[in-house]
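Reading through the structure tokens given below for one structure.
The values are calculated or read from the model by the stated rules, or taken from the named source; none is laboratory data. All values derive from a computational prediction rather than experimental measurement. Note: ideal-geometry Cβ built from the backbone for every residue, glycine included; neighbour counts use all protein chains shown.
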Amino acid sequence: MQLVTYFTSFAFSLFGNSIANVVLPVLVLVSTGEVLAAGIVAVASGASTFVFGLLSGPLIDRYDRRLLASAGDLVSASSIALLAAVGTFGELSLTWFIISAFLSGIGDMPAWNAREAMIYGVQRHSGVALQTLVGVRETVSALAIVLGPTFAGLLMNFFDARSVLWVTAATSLAAGALCLATPRAYGRMDTSEGGSSKIAYWSSFRDGIVFLGRRKNAVLRALTGLNVASVMLVTILQGLLIPVFMTLRGVDYANGYALASVGLGLLAGGLIYALIGARVPGWPLTLGASLLNVVGLALLVQFHSVIYTVVMCFLFGISSAAVGAVTGVVSLQVTPEEMRGRLNGLQNSISMVIGPLGIFLTAWLIAGTSVAAADWALVIFWVVVNALFLLNKRVRRAVQESQTG
């Protein structure tokens, strides 16, 4: 029962964030009428998340992780409830969205890091194998990515987006309460963990940059660059371009279905790779998946209709998962085990900044030109990124050797 409480808290937290990712971009666009406003809000959220995500690391490795996760969830719930209250009893403006985004950044990442770090305490207290617990956690995450946006779409189909914010706030509040209900042992740190926070400290951030800068790590630099660029691409699609299209069509609720479709595609792509990945040569698979991914993006941003967009989101998710799986295997093989935590922290930290920055730059481009120009600029960017990656001879050699190593 105690394990169920922990994973239910984890699910509620992810579920609430998934709903917010659907509702907030649409609400910003509808309330302000300005695409650039979405970019400004994204930057405010990204900056807050980055700073407080880093600062939370030492706290998570010193104090009760249950209390920290619950406190973070309470802050997140308050930031959303603030918007819901203003939207219900007053009028939402860009200022309110910026304040909420900043507060959300204070709570979201510390709560996420603390809850993930609790897995060690859960394992010690329950006696369940760590691999099993991580597997359950990843399954819950995958389900939340699909079910959260779908549920958000259904709610927005029947209720005003401002009303849906109350549901988001309630899920975050429930996540915090459930986390607090778990055994105290879940929140304690064992000295053998040696620093388990997902977000690296400033010293780890520096160590990761120095390590990547070494000449022998050219493949790792290419992989990291591709991963960060991919995060920015998906963030722009899900946080701006798809919401803009759905809002202009007057079908705000369909934004949830599109994001859920991407999640389903990622799940399907991961399953396909699990079945055929070991049988198909790595380099042809990488070439084929990358080509399909670029073509899929070019087709997706045509935004011909709602149904067309939802289907293309699914196909794009499949090819993205395939590319991510192949490069993930190579990355594990070329990264020394003692550096994996620091490099993951570095990549996560950069991603927290580059995603919102990408949204802002795209919104600025739309404001100065048109949505179509921004769509094609994103496609050109992705073509260049993939070309640089695929034409790298060291990357090709590493991918080819990944199935023999």
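Does Asn293 count as crowded, with 23+ Cβ neighbours inside 10 Å, modelled with pLDDT under 90 and within 29 Å of Leu154 (Cα to Cα)? Against the criterion (crowded, with 23+ Cβ neighbours inside 10 Å, modelled with pLDDT under 90 and within 29 Å of Leu154 (Cα to Cα)), Asn293 does not qualify. The set of residues in the stretch 281-316 that are part of a helix (DSSP H, G or I) and either in the same structural domain as Ile145 (by TED's automatic domain parsing) or of a type in the set (Gly, Ala, Ser) (or both) comprises Gly282, Gly288, Ala289, Ser290, Gly296, Ala298. Answer with yes or no whether Leu154 is part of a helix (DSSP H, G or I), on the phi < 0 side of the Ramachandran plot, touching a Phe, Trp or Tyr at 6+ places or on another chain (Cβ under 8 Å) and in the same structural domain as Thr88 (by TED's automatic domain parsing). When the stated conditions are applied, Leu154 passes them. Taking first residues from the stretch 379-393 that are assigned by TED's automatic domain parsing to the domain that holds Thr235 and within 15 Å of Val231 (Cα to Cα) and partners that are in a helix (DSSP H, G or I) and hydroxyl-bearing (Ser, Thr, Tyr), the Cβ contacts under 9 Å between residues at least 6 apart in sequence or on separate chains come to Trp382/Ser230; Val385/Ser230; Asn386/Ser290. Listed conditions (1) modelled with pLDDT under 80; (2) assigned to a helix (DSSP H, G or I); (3) surrounded by fewer than 23 Cβ atoms within 10 Å (Cβ to Cβ) are all met by Ala278, apart from (2).
Can you tell me which of Ala322, Ala372 is of a type in the set (A, V, I, L, M, F, W, C), more than 23 Å from Asn217 (Cβ to Cβ) and surrounded by fewer than 19 Cβ atoms within 10 Å (Cβ to Cβ)? Spell out how you get there, then give the answer.
Values: Ala322 fails: surrounded by fewer than 19 Cβ atoms within 10 Å (Cβ to Cβ).
The match here is Ala372.
Comparison of Gly135, Gly148, Gly107 shows that the only residue that is of a type in the set (Gly, Ala, Ser), within 22 Å of the chain's Cα centre (by Cα) and at pLDDT below 80 is Gly135. For the stretch 256-272, filtering for residues that are of a type outside the set (A, V, I, L, M, F, W, C) and either within 11 Å of Thr150 (Cβ to Cβ) or in contact with a strand residue (DSSP E or B) (Cβ under 7 Å, 6 or more places away or on another chain) (or both) leaves 4.
In the stretch 159-190, which residue that is part of a helix (DSSP H, G or I) and farther than 19 Å from Gly16 by Cα is modelled with the lowest pLDDT?
Per the stated criteria, the residue is Gly187.
Could you look through the stretch 240-275, keep only residues that are within 13 Å of the chain's Cα centre (by Cα) and within 30 Å of Leu391 (Cα to Cα), and pick out the one that is surrounded by the most Cβ atoms within 10 Å (Cβ to Cβ)? This residue is Val262. Any residue at all in the stretch 258-265 that's part of a helix (DSSP H, G or I) and either in the same structural domain as Arg162 (by TED's automatic domain parsing) or farther than 30 Å from Thr32 by Cβ (or both)? Looking through the stretch 258-265, at least one residue is part of a helix (DSSP H, G or I) and either in the same structural domain as Arg162 (by TED's automatic domain parsing) or farther than 30 Å from Thr32 by Cβ (or both).
On the given criteria, is Ser9 crowded, with 24+ Cβ neighbours inside 10 Å and more than 17 Å from Pro356 (Cα to Cα)? So Ser9 passes the test.
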